[in-house]
1. Within the range 221-240, can you find the residues that are of a type in the set (F, W, Y) and either modelled with pLDDT of 85 or more or in contact with an Asp or Glu (Cβ under 6 Å, 6 or more places away or on another chain) (or both)?
2. Can you find a residue that is assigned to a helix (DSSP H, G or I), crowded, with 17+ Cβ neighbours inside 10 Å and aliphatic (A, V, I, L, M) anywhere in the range 181-191?
3. Is it the case that the range 198-213 has a residue that's more than 29 Å from I69 (Cα to Cα), assigned to a helix (DSSP H, G or I), of a type outside the set (V, I, T) and touching a Ser or Thr at 6+ places or on another chain (Cβ under 9 Å)?
4. Would you check if V218 is modelled with pLDDT of 90 or more, touching a helix residue (DSSP H, G or I) at 6+ places or on another chain (Cβ under 9 Å), surrounded by 20 or more Cβ atoms within 10 Å (Cβ to Cβ) and not basic (K, R)?
5. Any idea how many residues of the range 122-137 are modelled with pLDDT of 70 or more and loosely packed, with under 13 Cβ neighbours inside 10 Å?
6. Please tell me if S53 is crowded, with 16+ Cβ neighbours inside 10 Å, modelled with pLDDT of 85 or more and either within 20 Å of Q139 (Cβ to Cβ) or among the basic types (K, R) (or both).
7. Taking interchain pairs and intrachain pairs at least six residues apart, which have beta carbon atoms under 9 angstrom, with the first residue in the range 141-164 and under 23 Å from S200 (Cα atoms) and the second crowded, with 23+ Cβ neighbours inside 10 Å and of a type in the set (K, R)?
8. Within the range 69-82, identify whether any single residue is under 20 Å from the mean Cα position of the chain (by Cα), touching a residue at least 24 places away in the same chain (Cβ under 8 Å) and farther than 27 Å from G135 by Cβ, and answer yes or no.
Amino acid sequence: MVGFIFIWRHLAHDFNYKWDWSVIPGYIIHIDSSGDWQPGMLTQGLLVTLRLSLWSIILGLLTGTVMGIWRVSPRPLLRMISGSYVGLVRNVPPLVLIFIFYFFLGDQIMQATGITELSYSLEDSTSPVLNTLFGPVEQIPAFLSGVLTMALFEGAYITEIVRAGIESVDREQWEASAALGFTRRNQLIHIILPQAFSCSLPPLAGQFISTIKDSSIVSVISIQELTFAGQELMSATYRTFEIWTVVILMYFILTFPCSIAVRELEKKMNNHRSQNH
């Protein structure tokens, strides 16, 4: 804390930069022409980041769960597919992955499914549900491309978390459930996965926090999330330090409560294990 105060005073007084915070409040919240309070550009970017992270976490968890099950499958083909997926995604820079998916794959998928034409034919006022779930309708193709890319990227890491969770379950659990007549699917659903997810909750929660931070990379495909909003405002106002300070605080507001929740979750799980032993 003392070091932080020293650095702040040095930046405020000795650094050759004139601080001006007067422009910041209007980019957080402002009053429109009708007299109503409206979220500013930074707040809108924060909402897009939250929306993008939630969808990416949901799809990434589904992808990672399926691929994690395939990683321990007795079928060699399924193990090869999931292993190739993990190896490819984890060894390709996420920026390259976003460009490939957005410019080559995402555009074709959006056109083939008719999402692009649908987004052009709708208006925000006539589709409030879509606007709430995915943001402005004209940005839905880019938003979905970003979500799918993030889900694939995060899903590769979740795959390994799920795999490790499944392998942490004692082999006797498999043998006992098989002796009771459970099929492999029922073994996974009723016996193995509940225990695997219980063991994997702390690393999964940590991966969810990483998803929020990693979402900033989709700003390169013009998704108007928090980092993109910060870049636009920095170019318009030249208030570099003020804008990025607020952006950092907004990311901190999103991730710090999650970090506290993860810490409390780990404490409860450790206490529960110690009581069982």
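The values are calculated or read from the model by the stated rules, or taken from the named source; none is laboratory data. All values derive from a computational prediction rather than experimental measurement. We place every Cβ from the backbone using ideal geometry, glycine too, and count neighbours over all the protein chains shown.
1. Scanning the range 221-240 gives a single hit, F228.
2. yes
3. There is no residue in the range 198-213 that is more than 29 Å from I69 (Cα to Cα), assigned to a helix (DSSP H, G or I), of a type outside the set (V, I, T) and touching a Ser or Thr at 6+ places or on another chain (Cβ under 9 Å).
4. no
5. Of the residues in the range 122-137, 3 are modelled with pLDDT of 70 or more and loosely packed, with under 13 Cβ neighbours inside 10 Å.
6. It is true that S53 is crowded, with 16+ Cβ neighbours inside 10 Å, modelled with pLDDT of 85 or more and either within 20 Å of Q139 (Cβ to Cβ) or among the basic types (K, R) (or both).
7. Listed pairs, sorted by first residue: none to list.
8. No; the residues of the range 69-82 include none that is under 20 Å from the mean Cα position of the chain (by Cα), touching a residue at least 24 places away in the same chain (Cβ under 8 Å) and farther than 27 Å from G135 by Cβ.
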